[in-house]
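J.: Before we start, here is the structure in question, set down as structure tokens.
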Amino acid sequence: MTRLADLQAAFQGGVTADADAAVLPLINGSARESAQNLFRVYRYAYAARLVEVLQANFEQTWALLGDEGFDAAARGYIAAAPSRHRNARWFGDGFADFLYQYHADMPAVGDVARLDWAIATAFDAADAEIVAVDAMAMIHPQQWPGLTFRLHPSVQSIAVTTAAAQAYEALDGGQPPGDLTSGEPHRVLVWRDGTTVRYRPLPSEEAAGLAAVSAGEPFAPVCEAVAEIVGQEAGGLRAAEMLRFWLESDMITTLDVEKFTRTCVRSGIQPNIFPPSAG
């Protein structure tokens with residue numbers, strides 16, 4: 001290891017791990033301030049900057065906890081999980097998981113943080129060409145069961161146990177978060193519609209359908225996943241309604257037409273929701 005690398009490692013350890021024994025001998029103190037006090041200024045500034053990064057990415061978590069509560073949680077996270085990222089933007093990727101432990105008696109804090117992070121990453125997700133609803137009218141009904149879709153990179157389905165979406169909306173509007181008690185586990189959909197990030201709680205059948213799409217399943221198994229929850233008779237229609245919403249919300253980017261001829265129709269569901277235009 002080079003001398004420069006040794007110096008960098010010592011300095012990093014002193015800043016991120018509170019291990020300044022190796023770096024203090026390298027710092028020249030003064031008559032007014034000791035080397036330890038001078039280094040503490042830098043360490044404090046570094047931690048303060050990371051707190052600011054977390055505040056920017058977890059605005060509603062910050063609103064929920066308040067200034068002092070958020071600062072304490074953020075500094076606890078900094079101590080427990082020193083940054084390993086070259087870009088501070090991604091320092092918060094484990095913050096929600098940390099908060100589930102730090103506020104174990106308030107799972108809503110972790111839930112809101114998870115939603116905060118999903119919204120932040122959805123905004124930064126890569127662009128992708130969107131499949132228009134009108135393009136679906138070109139597909140023959142017999143081809144639908146084998147049709148495979150790909151979701152937009154911004155689409156996320158996050159697991160929560162509290163009314164995180166409602167709390168987030170209230171906090172974003174400057175209102176109290178409402179009921180934060182735990183309830184039935186469910187999922188919240190997050191996606192970027194154009195330049196706007198949107199979110200909403202997912203019904204269980206839509207969560208199942210999205211999971212099937214994410215796994216690369218053709219449309220017939222997607223319908224089957226939905227039918228397991230709403231019943232066989234209603235499964236195809238409900239899946240069709242969901243697909244229309246996904247398309248209209250810019251959530252579908254590509255479709256695999258090659259599987260049309262390779263996928264067997266297993267369920268007999270023929271969701272002819274986008275029939276060719278007459279004439």
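The numbers here are math on the coordinates, done by the rules we state, and not lab data. These figures come from a predicted structure and were not determined experimentally. All Cβ positions, glycine included, derive from the backbone under ideal geometry; neighbour counts span all protein chains shown.
J.: Please give the net charge around residue 83, taking every other residue with its beta carbon less than 12 angstrom from that of residue 83, where Lys and Arg add +1 and Asp and Glu add -1.
T.: Local charge sum for residue 83: +3.
J.: Which order do the peptides 65-76, 147-158, 110-121 come out in when sorted by mean C-beta neighbours inside 10 angstrom, highest first?
T.: 110-121, 147-158, 65-76
J.: Region 153-177 to region 53-94: how many Å between their Cα centroids?
T.: So the separation of the two Cα centres works out to 18 Å.
J.: Where a ≥ b ≥ c are the square roots of the eigenvalues of the C-alpha gyration tensor, would you call region 121-243 rounded, which needs a/c under 1.5, or, failing that, prolate if a/b is larger than b/c, or oblate?
T.: Oblate, because a/c is 1.5 or more while a/b does not exceed b/c.
J.: How large is ³J(HN,Hα) for each residue in region 66-72, as worked out from phi by the Karplus curve 6.51 cos²θ - 1.76 cosθ + 1.60 (θ = phi - 60°), to whole Hz, x for Gly and Pro?
T.: Once θ is set to phi - 60°, the couplings for region 66-72 become x, 4, 5, x, 5, 4, 5 Hz.
J.: Net charge near residue 54: determine it from the other residues with C-beta under 13 Å of the C-beta of residue 54, scoring Lys and Arg +1 and Asp and Glu -1.
T.: -3
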